[in-house]
Amino acid sequence: MLNDFFKYQAQTSPHPLAIAISKAEGSYIYDTDNYAYLDFVAGVSANTLGHQPKRVNDAIKAQLDKYSHVMVYGEYAQQPATEFCKLLASLLPEPLNKTYLVNSGTEAIEGALKLARRVTGRSQLISCHNAYHGNTMGSMSVMGFEERKQVFRPLIPDVDFITFNNEADLEKITTKTAGVILETIQGGAGFIQPENDFLKKIRQRCTEVGAVMILDEIQPGFGRTGKLFGFQNYDIVPDVVVMGKGMASGMPVGAFTASAEMMDLLSHDPKLGHITTFGGHPVIAAASLATLQEVTETNLMQKALEKEQVFRELLVHPLIKEIRGKGLMLAAMTPSADITNRVILECHKRGLILFWLLFEEKAIRITPPLTISKEEIKKGCGIIIDVLNSIV
């Protein structure tokens, strides 16, 4: 299988980890030799409820027995999608009450950027340096990392950048700005949290100049930071919230939510202002609904904060300079990219899955399923410390 993987499937990096997968369950992934890997990455924050969660699998199977794809998005009322959007609206602050379902986080970003321009009639978009919002052309245009963008230029025009947590840059947001897009917690940059009410100040500035505030919750969303969405930790309400990754416990999905007043603008002038064939797919929507129910009807969000403290207590070592992030969206920072690489690769050999961040080469990604047990956390952290001890 590995030979065919390299021969026939397009690669995203020169040296993928290349585990040949046979099955996955709970917090573990198994290769074709039945070797068990403890998963501290959760499909890069996607497997919210671990692998093969019963409630989600049951919902998928039940929906498959009724119907699958029947029509392009937005034409027919389909129960799983309708129930998901209704429940989500009940859990979000006003006026975030209408949701557009799509197929991925990057597609949701595309829709949000279009919505900002449609709402305001302006063209300028503002993002942050070292931001990551996806890899389609529009999302890449608001990526704040030139090295990843240069060979694909020209991208969409009229995009400018500010520095996350830099209040002096607020003056760059003006009456020419259609939208300001930020990650609630910067992911690829190193799990950087907003400081000194930075998000509140962005919110205030956007209100002053009539710009749309878009928050990218693709990674923090669905309980990972102890709240349903990360922005709920910072006492603000964006105009548009974008979600994906953990929304359907490992199924491909994305969405963006705004007020009905804003979202309804996509239906006319022009008609079909944003369309998708498979958005709101009933099987995926059933998985999303089951995930949202499980996250909000249990104590998983509260437990995420308790489990964060276990990580912080156990990951104490001279080669760990700090632990960034919140809840189960954590990054252990080492002194160098070389040490980070050695830790990730050696832990992989010892049966622990860790991963990198996109731009911050010193960071070790720790984003396990919300369902991970404290015993599993202790086991994985023990492996990390043993590996670090072997490096000293």
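The values are calculated or read from the model by the stated rules, or taken from the named source; none is laboratory data. If you're wondering where the values come from, they're calculated on a predicted model, not measured in any experiment. A quick note on method: Cβ atoms are made from the backbone with ideal geometry, for glycine too, and the neighbour counts reach across all protein chains shown. To get the accessible areas, we keep the full protein, side chains included, count just its heavy atoms, and leave off ligands, DNA and RNA. Shrake-Rupley method; radii C 1.70, N 1.55, O 1.52, S 1.80 Å.
Going by the conditions given, is residue 276 open to solvent by less than 50 Å² (accessible area, probe 1.4 Å), touching a strand residue (DSSP E or B) at 6+ places or on another chain (Cβ under 7 Å) and of a type in the set (Ser, Thr, Tyr)? So that I can check it myself, show each step before the final result.
Working: open to solvent by less than 50 Å² (accessible area, probe 1.4 Å): yes; touching a strand residue (DSSP E or B) at 6+ places or on another chain (Cβ under 7 Å): yes; of a type in the set (Ser, Thr, Tyr): yes.
Answer is yes for this residue.
Taking strands (runs of 3 or more DSSP E) as the structural unit, those lying wholly within region 1-99 and holding at least 3 residues that are open to solvent by 40 Å² or more (accessible area, probe 1.4 Å) correspond to 21-25. Does residue 193 qualify as being open to solvent by 50 Å² or more (accessible area, probe 1.4 Å), within 18 Å of the chain's Cα centre (by Cα) and farther than 23 Å from residue 259 by Cα? Answer is yes for this residue. When residue 177 is tested against the conditions (1) open to solvent by 30 Å² or more (accessible area, probe 1.4 Å); (2) over 28 Å from residue 366 (Cβ atoms); (3) of a type in the set (Ser, Thr, Tyr), the lone failure is (1). Within region 240-259, residues that are more than 16 Å from residue 211 (Cβ to Cβ) and in a strand (DSSP E or B) sit with their Cβ atoms under 8 Å from residues that are open to solvent by 10 Å² or more (accessible area, probe 1.4 Å) and of a type in the set (Phe, Trp, Tyr), at 6+ positions apart or across chains, in these pairs: 255/100; 256/100; 257/100. Only one of the listed residues (308, 313, 294) is farther than 13 Å from residue 100 by Cα, at pLDDT 95 or above, in contact with a strand residue (DSSP E or B) (Cβ under 9 Å, 6 or more places away or on another chain) and acidic (Asp, Glu). That residue is 308. A search for C-beta distances below 6 Å between a residue of region 115-142 that is part of a strand (DSSP E or B) and any residue that is open to solvent by 60 Å² or more (accessible area, probe 1.4 Å), counting only pairs 6+ apart in sequence or on different chains, returns 124/158; 124/176; 126/160.
Does residue 289 satisfy the criteria of being open to solvent by 10 Å² or more (accessible area, probe 1.4 Å) and touching a Cys at 6+ places or on another chain (Cβ under 9 Å)? So residue 289 fails the test.
Residue-by-condition table, conditions (1) over 24 Å from the mean Cα position of the chain (by Cα); (2) within 22 Å of residue 193 (Cβ to Cβ); (3) free of Cβ contacts under 8 Å to residues at least 60 places away in the same chain:
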{"position": "145", "(1), (2), (3)": "no, yes, no"}
{"position": "155", "(1), (2), (3)": "no, no, yes"}
{"position": "160", "(1), (2), (3)": "no, no, yes"}
{"position": "166", "(1), (2), (3)": "no, yes, yes"}
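Total residues in region 369-381 satisfying the condition of being open to solvent by 30 Å² or more (accessible area, probe 1.4 Å) and either in contact with a helix residue (DSSP H, G or I) (Cβ under 9 Å, 6 or more places away or on another chain) or assigned to a loop (DSSP other than H, G, I, E, B) (or both): the figure is 4. Within region 333-346, restricting attention to residues that are touching a residue at least 40 places away in the same chain (Cβ under 8 Å) and either surrounded by fewer than 23 Cβ atoms within 10 Å (Cβ to Cβ) or in contact with a Lys or Arg (Cβ under 8 Å, 6 or more places away or on another chain) (or both), the residue that is nearest to residue 34 (Cα to Cα) is 346.
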